[in-house]
Structure formats: structure tokens, C-alpha cells
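Peer 1: Can you read through this structure? Questions will come right after.
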Amino acid sequence: MLWTDIAISTLKIAFVFFVVLTLVAYLTYAERRISAFIQDRLGPNRVGPFGLLQPLADGLKFIFKEDIIPEMVNKPLYIVAPAISLVTALIALAVIPIGYGFSTTFLGLLKEPVYIRLQIADINAGVLYVLAVGSLSVYGVVIGGWSSNSKYSFLGGLRSAAQMISYELSLGLSILGVIALAGSFRLNDIVEAQSRVWFAIPQALGFLVFMVASFAETNRLPFDLPEAEPELVAGYHTEYSSMKFAMFFMAEYTHMIVASALAVCLFLGGWYPLPFGGWFGIDIQKHWYLPPAVFIGKVFFLLFLFIWVRWTIPRFRYDQVMRLGWKVLFPLAVLNIIVTSFVMLFVYR
């Protein structure tokens, strides 16, 4: 059984990497099409039917583009920085559950059926794991900016460090109310605790703080100050080209997927389809594909929200970003914890 477990885990890791990286490619296509619709344009529509092969063309362009490394850079750190940003985003997906699972014999290759969970690793501290791994991504941005030996890149890296640390505090505090209601750090337990009502309803304030902080953590508009073109040329990745440049963008879209999946687990009921009530008598063991379909549908909606907000709200000034993080979101997150504590003390005791 040990080798079977290792083989299944390896297959799940390979499958998740393939699906996520493919989704990242087509998120770039979706962003360009949605932004074109908002701005009354057409968007990519030349490569393939409806422009669906545009991500493949972009990928080939990045692969065959000349990889230029400027002089006087710290070469080892310059090379490893994009990998840090991308890898930390990818490994955060290891604990995200998208459903219950199913039994299979792999087309009769096994004598006895094995149960496959729709999750790579089920650990008790799943929430802490995602927050810890996600916080490491700032090192890729900071190291990339510092190692480039460019003042514009360095300023972008410093901005990113200040912004991500500031909003990580509010993001972490916004989750405490959910953890208190669920009584567990395990993501599966948190999803199951929402079988009667999604936590986005009793934790509406925490959900609002979490989503705004997620936008800041992923460096998306209106919080993309680390790569603000008017002041910093292109920010921390100014001196990057070819696939190293592409990896920073892949990391950004992967962080969007992680933030969306985590929001679904913590606040939007995971694989439960409606805010009130469970599956209404549907046999989920028989129809095992329904929970992951619901979960993925919610993730797609939040990804659309990320894109929609980017092309709707203009960029904030940096002082506004810091003021929002420390003077608005942080007090609201603390208020949410206090209110949740009093409610649990006097109502649920």
C-alpha cells in the first residue's frame, strides 16, 4: 500500500500542476477578453477560433525569446527569484480540498479498489500551512528587485514587502473568526462546518477584509503599486525577460487561484452549493463529481471578480494603500474578532 499511496500522490501532484498551469495560461486569455469587453474592444481573436490558441502562442514567444541577464546583477539570486514566487504559489495548493473523493481500481489494474481523496495532503494545520507558504512569496519579489541592481526594481521590491506584510496581518486576523466558529485549522473541517450556513454570512465583515487583503496580497489593481508602470517602469521585474519574466506573471495568476480557493473553503461553503442547507438528499458518494464541480465553479466566479475589479477601479496612491491597510482593514479585522468572541461567549456557550 505504501507504493500505491506514493504513486497516487505523485499522480495527484502532476495532475494539479498540469491543470493549474493550464488555467494560468487561459486566465491571461480571459483577462484580455474581459478587459476588452469592459472597454468595448474585441481582444485576442486571431490565433485559433475565438483566439483560444493565444495563450499557446504567448507561451512559445516567451520560450524562444532571448534570455538577457544584465551586467552587475547578483546572478544566483536573480535567477532563483522568479522560481521562489512561482513555487511558493504552487505548493500552497497541496492542502486545498475540492471534494470528498471516490473509489477506483484504475481500470482493473488493482485487485482491491483504493479511495482517492480530492486533495494532495490533508493536514490538521491546513490554514496555517497556506498562510505560511503564501507569505514566502514576498521573498521572490524582494530578492528579484534587489538582485537586479536597478533602483526602479529595488523600489518595486521594497513597495511589495511593505504592502504584503501590511495586508498579511489583516488577512490573517480576518480568518480567526472562521477558525473560532469551526473549531479547527483543518480545511476539511472548516468546509464541513458550513453544511448548514456559509461562514460568509455570520462573518460578512471578515469576508470583506479577507477579499480586499487578497487583492493586495496578489498585487492586483487597485493594489499593484509594486509594479506601477508610471513611476517604476515595470517595478520589481523591470530587468527580467523571457521565461523569467513570464514566471512572475504565472506566480501572480497562481496566487489568484490560491486566494480564490482559500476564500471558497473558508467563507463560501467549499463544495456546498447553497448558502443554507446541504445537498438536499443527493447521494454524494454516488455522484462524487458534483462537489468538485461546485467548488471549481465558485473559484471561477472569484477569478472573474479579480479580473472585473482590476479593470473597473483605478490604482490607489501608495499612501492610500498603506492608510487602507493599517487604519481601515486592521481595525475592522480586530473588531470582527471581538464581536465573534462575544457572540460565541454569550450565544454558543
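Peer 1: Can P55 be described as in a helix (DSSP H, G or I), surrounded by 15 or more Cβ atoms within 10 Å (Cβ to Cβ) and in contact with a Lys or Arg (Cβ under 8 Å, 6 or more places away or on another chain)?
Peer 2: no
Peer 1: Just for segment 197-207: of the residues that are touching a Phe, Trp or Tyr at 6+ places or on another chain (Cβ under 7 Å) and either of a type outside the set (F, W, Y) or not in a helix (DSSP H, G or I) (or both), which one is farthest from G270 (Cα to Cα)?
Peer 2: Q203
Peer 1: Shifting gears a bit: If only one of P82, P70 is part of a loop (DSSP other than H, G, I, E, B) and within 29 Å of S135 (Cα to Cα), which one is it?
Peer 2: P70
Peer 1: Kindly provide the set of residues from segment 172-191 that are in a helix (DSSP H, G or I) and either without any contact (Cβ under 8 Å) to a residue 60 or more places away in the chain or small (G, A, S) (or both), ordered by number.
Peer 2: Residues satisfying the conditions are G172, S174, G177, I179, A180, A182, D189.
Peer 1: Looking only at segment 18-40, filter to residues that are polar (S, T, N, Q) and within 16 Å of the chain's Cα centre (by Cα); which one of those is farthest from F248 (Cα to Cα)?
Peer 2: T22
Peer 1: If you don't mind, there's one more thing I want to ask. Determine which member of the set I201, I175 is among the β-branched types (V, I, T) and closer than 17 Å to A333 by Cβ.
Peer 2: Going through I201, I175 in turn, the sole match is I175.
Peer 1: OK, next. Return yes when A132 is under 24 Å from the mean Cα position of the chain (by Cα), outside any loop (DSSP other than H, G, I, E, B) and surrounded by fewer than 14 Cβ atoms within 10 Å (Cβ to Cβ) and no when it is not.
Peer 2: Answer is yes for this residue.
Peer 1: Okay, next question. Test I69 against the criterion of being closer than 27 Å to K244 by Cβ, at pLDDT 85 or above and surrounded by fewer than 23 Cβ atoms within 10 Å (Cβ to Cβ), and give yes or no.
Peer 2: Considered against the rule, which asks whether it is closer than 27 Å to K244 by Cβ, at pLDDT 85 or above and surrounded by fewer than 23 Cβ atoms within 10 Å (Cβ to Cβ), I69 comes out as yes.
Peer 1: Of the residues R159, R220, which single one is touching a residue at least 12 places away in the same chain (Cβ under 8 Å), in a helix (DSSP H, G or I) and crowded, with 18+ Cβ neighbours inside 10 Å?
Peer 2: R159
Peer 1: If you scan segment 242-290, which residues turn out to be closer than 21 Å to F185 by Cα and not in a loop (DSSP other than H, G, I, E, B)?
Peer 2: Hits for segment 242-290 are H255, I257, V258, A259, S260, A261, L262, A263, V264, C265, L266.
Peer 1: Then there's this: Could you check segment 290-325 and list, in sequence order, the residues that are without any contact (Cβ under 8 Å) to a residue 40 or more places away in the chain and more than 30 Å from P97 (Cβ to Cβ)?
Peer 2: R317, D319, Q320, R323
Peer 1: Considering only residues that are of a type in the set (S, T, Y) and surrounded by 17 or more Cβ atoms within 10 Å (Cβ to Cβ), look in segment 96-129 and name the one that is nearest to Y272 (Cα to Cα).
Peer 2: Y100
Peer 1: I would also like to ask the following. I'd like to check something: does segment 95-112 contain any residue that is free of Cβ contacts under 8 Å to residues at least 12 places away in the same chain, in contact with a Pro (Cβ under 8 Å, 6 or more places away or on another chain) and not in a helix (DSSP H, G or I)?
Peer 2: Among the residues of segment 95-112, at least one is free of Cβ contacts under 8 Å to residues at least 12 places away in the same chain, in contact with a Pro (Cβ under 8 Å, 6 or more places away or on another chain) and not in a helix (DSSP H, G or I), which makes the answer yes.
The values are calculated or read from the model by the stated rules, or taken from the named source; none is laboratory data. A quick note: this is a predicted structure, and the numbers were derived from the prediction, not measured. Note that each Cβ is placed from the backbone with ideal geometry, even for glycine, and that neighbours are counted across all protein chains shown.
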